[in-house]
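This report refers to the structure that appears directly beneath it.
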Amino acid sequence: MTFPYGITTFCDDFRTEDNGKHLIIGVYDDTMLLPKFPITVPQFAFVIKLLEPLSMKGEGGSLKIFVPGETGVETIFDVEIESSRWEQVEKDDFDKEASYLGSNYVIKVAPFRLHGPGYIRVRAYFGEDEVKLGSLKVSLRDILAHEPTD
């Protein structure tokens, strides 16, 4: 059996140009270093690609984003993944050789508040199944380690 999978790009901004090209600005690798907590970042974006096997046709689910909160993990985004997206599989222009239905989501949060260190996690849920779509470690930057020495 094939399972859904995907990936999230964590970044400062996402834009679509007039020519249809996408710009992903300020991409984070594996850690977001911050000078203090709590902190408010002016804007933060999640660029999510979710691939679901065609064998799941018609199943809905949910997409969630978790962040370190004031008293533990906090859900900042929770939306239903519409099962109606599967209607495009029946259309003539759908790639007949495809084995997955791909969905793209761009979520911008402005302002974006972080209360402490931990992990930002993106997850999809289909029934009891959790699909890990990415995580970003949030950590306090060691200011002394980055100061120039004489």
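Brief remarks follow.
- Subset of the stretch 24-69 that is among the hydrophobic types (A, V, I, L, M, F, W, C) and over 16 Å from the mean Cα position of the chain (by Cα) - its residue that is nearest to Ile81 (Cα to Cα): Met56
- Checking Lys57 against (1) open to solvent by 60 Å² or more (accessible area, probe 1.4 Å); (2) within 24 Å of Arg15 (Cβ to Cβ), the condition it does not meet: (2)
- Long-range neighbours under 8 Å by Cβ, at least six apart or interchain, first residue touching a residue at least 60 places away in the same chain (Cβ under 8 Å) and among the polar types (S, T, N, Q) within the stretch 60-81, second part of a strand (DSSP E or B) and open to solvent by 20 Å² or more (accessible area, probe 1.4 Å): Ser62/Asp78; Ser62/Val79; Ser62/Glu80; Ser62/Tyr125
- Counting the residues of the stretch 98-121 that are open to solvent by 20 Å² or more (accessible area, probe 1.4 Å) and among the aliphatic types (A, V, I, L, M) gives 4.
- Output for the stretch 1-51, where each listed residue is under 30 Å from Phe126 (Cα atoms) and aromatic (Phe, Trp, Tyr): Phe3, Tyr5, Phe10, Phe14, Tyr28, Phe44, Phe46
- Candidates in the stretch 10-23 are the residues that are under 14 Å from the mean Cα position of the chain (by Cα) and free of Cβ contacts under 8 Å to residues at least 60 places away in the same chain; of these, the one that is least open to solvent (accessible area, probe 1.4 Å) is Cys11.
- Residues in the stretch 24-50 that are open to solvent by less than 50 Å² (accessible area, probe 1.4 Å), out of contact with any His (no Cβ under 9 Å at 6 or more places or on another chain) and in contact (Cβ under 8 Å) with a residue 60 or more places away in the chain: Thr31, Met32, Leu34, Val41, Phe44, Ala45, Phe46, Ile48, Leu50.
The values are calculated or read from the model by the stated rules, or taken from the named source; none is laboratory data. In this text the structure is predicted, and so the values were computed from the model without any measurement. Quick reminder, even Gly has a Cβ in these numbers, built from the backbone with ideal geometry, and neighbours come from all protein chains shown. Just the protein is used for accessible areas: all its heavy atoms, side chains included, with ligands, DNA and RNA removed. Shrake-Rupley method; radii C 1.70, N 1.55, O 1.52, S 1.80 Å.
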